[in-house]
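See below for the structure under consideration.
The values are calculated or read from the model by the stated rules, or taken from the named source; none is laboratory data. As the structure is a computational prediction, the values presented were derived from the model and not from experiment. When we count neighbours, we look across all protein chains shown, and the Cβ atoms used for this are built from the backbone with ideal geometry, even at glycine.
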Amino acid sequence: MEKRESKNFIEQIIEKDLADGKFPNGIITRFPPEPNGYLHIGHAKSIVLNFGLTQKYKGKTNLRFDDTNPDTESIEFVESIKRDIRWLGYDWEDREYFTSDYFGKLYEFAKDLIKRDLAYVDDSTPDEILAGKGTVEVPGTNSPFRERSVEENLRLFEGMKNGEFAEGSKVLRAKIDMSQPNMHMRDPVIYRIKRMAHHRTGNEWNIYPMYDFAHGQSDSIEEITHSLCTLEFENHRPLYNWLIEQLGIYPSRQIEFARLNLNYTVMSKRKLAQLVENGVVESWSDPRMPTISGMRNRGYTAAAIRNFCDRVGIAKRDNVIDMSLLEFCVREDLNKVSLRRMAVLDPVKLIIENYPEDQHENLLAENNPEDETAGERKITFGRELYIEREDFMEDPPKKFFRMAPGRFVRLKHAYILECSGFKKDDNGELIEVHARYFPESKSGSDTSGIKAKGTLHWVNAADAMEAKVNMYDRLFKVAEPLADKKVDFLDLVNEDSLNVVEGVKVEPALAEAGSKDHFQFMRKGYFVRDKNAASDELVFNMTVGLRDSWAKKGGK
RNA sequence: AGACCCAUGGUGUAAUUGGUAACACGGCAGAUUUUGGUUCUGUAAUCCUAGGUUCGAGUCCUAGUGGGUCUACCA
């Protein structure tokens, strides 16, 4: 179990810090979502990383909502984020923070900067500020407002806070160096005027800090030891460090790692929002979405997701993870915990000619061969059953181990059959398969000596229940929908990502399925009851199909 | 093209920190199997290029090449 000795680069940093005695009281990490959307599997990677680290080493992980932009943030997202983190299995105890709780402190930090002539109020328009920044090759130019006196800056900044100026008319900028090659150091804007109610502070503030002026200081206030973020913030690190240094506050350390990308999907909140807005999917929690809530509705387990996040590793290299790894993790977990059931997705009647019409019998079926404690259930058997249409072939290849005239096959948990014929309608459509059964071949007490290569799942027509099944396929037709910048990723969605199958026949035990139970429809895949469907309706979502080496070989 | 970052099988991640490449997924082949599932066994496939340092380089240095990020009053 403790086979994985290898450590990722962040663990190596932490172990060195610990060995150097830098953090005798333990380490502190944080997960800092902005409450403006739902969490996706990429966030899960960060959650598992941050909480995982402080579980492994002595430490704590804070949950901090980075709520500095009232435009897009809301309490609804705060709630969904907390629900998802808890579901994933992590507990931030009482360490739930909001950047907005620090608005007062941040304001004081800003004043401190002004007093030391390290920040100034700029009346330039956004366009003028942009022009002044220069380009990556050309240094920027100083703002005409750069040399205002400390007193004037203090007065104006207070005016901004008090709502004396129009939105957009002034900003507070750090006074650093307009000729730095790093654009973030060219006098970055650190405060802007926004006359807007905030979901937590209401109308208390007319100014809001920018990310760069909020995140690092919040880390510092909470004495975060290791502030882990994704690669695109690498260029922000000099500013992060500069502010901490100038302010003389707790020196949190920012470390960047590569974000998670999954093929056949997209991972940015903005892009996911577009899928919702354009009706490609039903909601953020649609089972096809790579969101935590979508995956939950799909039937993915928290354990599978945690395991997946563990396996993808942490490094600084851009990466695109194969969906097959995620699916492997899901199957691995579900194989152990899911209850086996029989469901026929595309039913065709099977008539056992030598089975008496008025006869019925009860059979016992194990719930999970991987778990003896899962017990057994009763299923019924009779003359008329349903089997899968694709499990019959009139003229099959030799390696087809299923139903075909003259061939032997076992019905799972029941008898061996010999196919004796079939019936088609006028259109040539198969409507009935006929067979004869061998009474002495009963499952568990087989004395027939007959060998059947294949085993089929089935449902007794007498007590089969009707169900609907949502089958899912990848969301996009191509592995990397964003790879070609000239192509709109919305044009690459797979319009067959959802396939609703009606008229599915399932065994009666499924009627009591709860939405948290995971089922394996034998020989088909893993399914979970759709919790959004009407309670009197049996609807199942396909979590993931079983591996199918027969189909992979093209059925030959 | 300025700064910063990155480069190991198909995909990811490792390599006791300088001692000639491993693990997982995926692929292929086989065994087992009352799920063509699970399990098990085997197999193919990798250090971006060129120099340099060194007895020895995936690891260090230089150059090149390729990729990523950055010029929001978003985070």
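The table that follows gives values for the structure above.
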| quantity | calculated |
| --- | --- |
| Filter result (assigned to a loop (DSSP other than H, G, I, E, B), of a type in the set (Val, Ile, Thr) and in contact with a Leu (Cβ under 8 Å, 6 or more places away or on another chain)) within segment A:247-271 | A:Thr265, A:Val266 |
| Residue among A:Lys451, A:Lys505 that alone is within 14 Å of RNA strand B (Cβ to nearest atom) and of a type outside the set (Val, Ile, Thr) | A:Lys451 |
| Any strands (runs of 3 or more DSSP E) falling wholly within segment A:284-378 and containing at least 2 residues that are away from RNA strand B (no atom under 14 Å from the Cβ) and surrounded by 20 or more Cβ atoms within 10 Å (Cβ to Cβ) | A:347-352 |
| Answer from A:Ile207, A:Ile193 - the residue that is under 26 Å from A:Met160 (Cα atoms) and in contact with an Asp or Glu (Cβ under 8 Å, 6 or more places away or on another chain) | A:Ile193 |
| Some residue of segment A:467-478 being more than 15 Å from RNA strand B (Cβ to nearest atom), surrounded by fewer than 16 Cβ atoms within 10 Å (Cβ to Cβ), more than 34 Å from the chain's Cα centre (by Cα) and farther than 19 Å from A:Glu361 by Cβ | no |
| Tally of residues being polar (S, T, N, Q) and crowded, with 17+ Cβ neighbours inside 10 Å across segment A:502-556 | 3 |
| Residue within segment A:485-498 that is among the polar types (S, T, N, Q) and closer than 30 Å to A:Val433 by Cα present | no |
| Test set (1) over 30 Å from A:Glu11 (Cα atoms); (2) of a type in the set (D, E, K, R); (3) out of contact with any Phe, Trp or Tyr (no Cβ under 9 Å at 6 or more places or on another chain) - A:Glu327 fails condition number | (1) |
| Conditions (1) more than 11 Å from RNA strand B (Cβ to nearest atom); (2) in contact (Cβ under 8 Å) with a residue 12 or more places away in the chain; number of the one not met by A:Gly140 | (1) |
| Residue in segment A:536-553 that is more than 16 Å from RNA strand B (Cβ to nearest atom) and more than 26 Å from the chain's Cα centre (by Cα) present | yes |
| Scope segment A:432-460; condition surrounded by 18 or more Cβ atoms within 10 Å (Cβ to Cβ) and in a loop (DSSP other than H, G, I, E, B); matching residues | A:Phe438, A:Lys442, A:Ala452, A:His457, A:Trp458 |
| Among (1) touching an Asp or Glu at 6+ places or on another chain (Cβ under 7 Å); (2) under 30 Å from A:Ala303 (Cβ atoms); (3) assigned by TED's automatic domain parsing to the domain that holds A:Lys442 - the single one A:Thr380 does not satisfy | (2) |
| Some residue of segment A:465-473 being free of Cβ contacts under 8 Å to residues at least 40 places away in the same chain and either in the same structural domain as A:Glu327 (by TED's automatic domain parsing) or not in a loop (DSSP other than H, G, I, E, B) (or both) | yes |
| Test: A:Lys485 is within 12 Å of RNA strand B (Cβ to nearest atom) and either modelled with pLDDT of 95 or more or in a loop (DSSP other than H, G, I, E, B) (or both) | yes |
| Residue within segment A:114-121 that is within 8 Å of RNA strand B (Cβ to nearest atom), part of a loop (DSSP other than H, G, I, E, B) and buried (at least 16 other Cβ atoms within 10 Å of the Cβ) present | no |
| Scan of segment A:179-201 for residues that are more than 14 Å from A:Leu239 (Cβ to Cβ) and crowded, with 16+ Cβ neighbours inside 10 Å, ordered by number | A:Tyr191, A:Arg192, A:Ile193, A:Lys194, A:His198, A:His199, A:Arg200, A:Thr201 |
| Qualifying residues in segment A:181-228 (those that are farther than 20 Å from A:Leu247 by Cα and touching a Pro at 6+ places or on another chain (Cβ under 8 Å)) - the one nearest to RNA strand B (Cβ to nearest atom) | A:Asn182 |
| Lone qualifier among A:Leu49, A:Leu18 - being in contact with a strand residue (DSSP E or B) (Cβ under 8 Å, 6 or more places away or on another chain) and not assigned by TED's automatic domain parsing to the domain that holds A:Ile224 | A:Leu18 |
| Residues within segment A:229-259 that are under 20 Å from A:Val320 (Cβ atoms), touching a helix residue (DSSP H, G or I) at 6+ places or on another chain (Cβ under 6 Å) and within 9 Å of RNA strand B (Cβ to nearest atom), tallied | 2 |
| Yes/no for A:Gly132 being without any contact (Cβ under 8 Å) to a residue 60 or more places away in the chain and at positive phi | no |
| Hits in segment A:264-283 - residues which are in contact (Cβ under 8 Å) with a residue 40 or more places away in the chain and either under 30 Å from A:Pro238 (Cβ atoms) or buried (at least 17 other Cβ atoms within 10 Å of the Cβ) (or both) | A:Tyr264, A:Thr265, A:Val266, A:Met267, A:Lys269, A:Lys271, A:Leu272, A:Leu275, A:Val280, A:Val281 |
| Neighbours by Cβ (under 8 Å, 6+ apart or cross-chain): first from segment A:17-30, surrounded by 10 or more Cβ atoms within 10 Å (Cβ to Cβ); second among the aromatic types (Phe, Trp, Tyr) | A:Asp17/A:Phe23; A:Leu18/A:Tyr57; A:Gly26/A:Tyr57; A:Ile27/A:Tyr57; A:Thr29/A:Phe51 |
| One residue from A:Lys424, A:Lys398, A:Lys349 being under 21 Å from A:Gly503 (Cβ atoms), outside the structural domain of A:Gly503 (by TED's automatic domain parsing) and free of Cβ contacts under 8 Å to residues at least 12 places away in the same chain | A:Lys424 |
| Check on A:Glu96, touching a Lys or Arg at 6+ places or on another chain (Cβ under 9 Å) and at pLDDT 95 or above | yes |
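Okay, residues lined up against (1) farther than 23 Å from A:Thr291 by Cβ; (2) outside any helix (DSSP H, G or I); (3) touching a Lys or Arg at 6+ places or on another chain (Cβ under 6 Å):
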{"residue": "A:Phe23", "(1), (2), (3)": "yes, yes, no"}
{"residue": "A:Asn36", "(1), (2), (3)": "no, yes, no"}
{"residue": "A:Val48", "(1), (2), (3)": "no, no, yes"}
{"residue": "A:Leu63", "(1), (2), (3)": "no, yes, no"}
{"residue": "A:Val78", "(1), (2), (3)": "no, no, no"}
{"residue": "A:Ile81", "(1), (2), (3)": "no, no, no"}
{"residue": "A:Gly104", "(1), (2), (3)": "yes, no, no"}
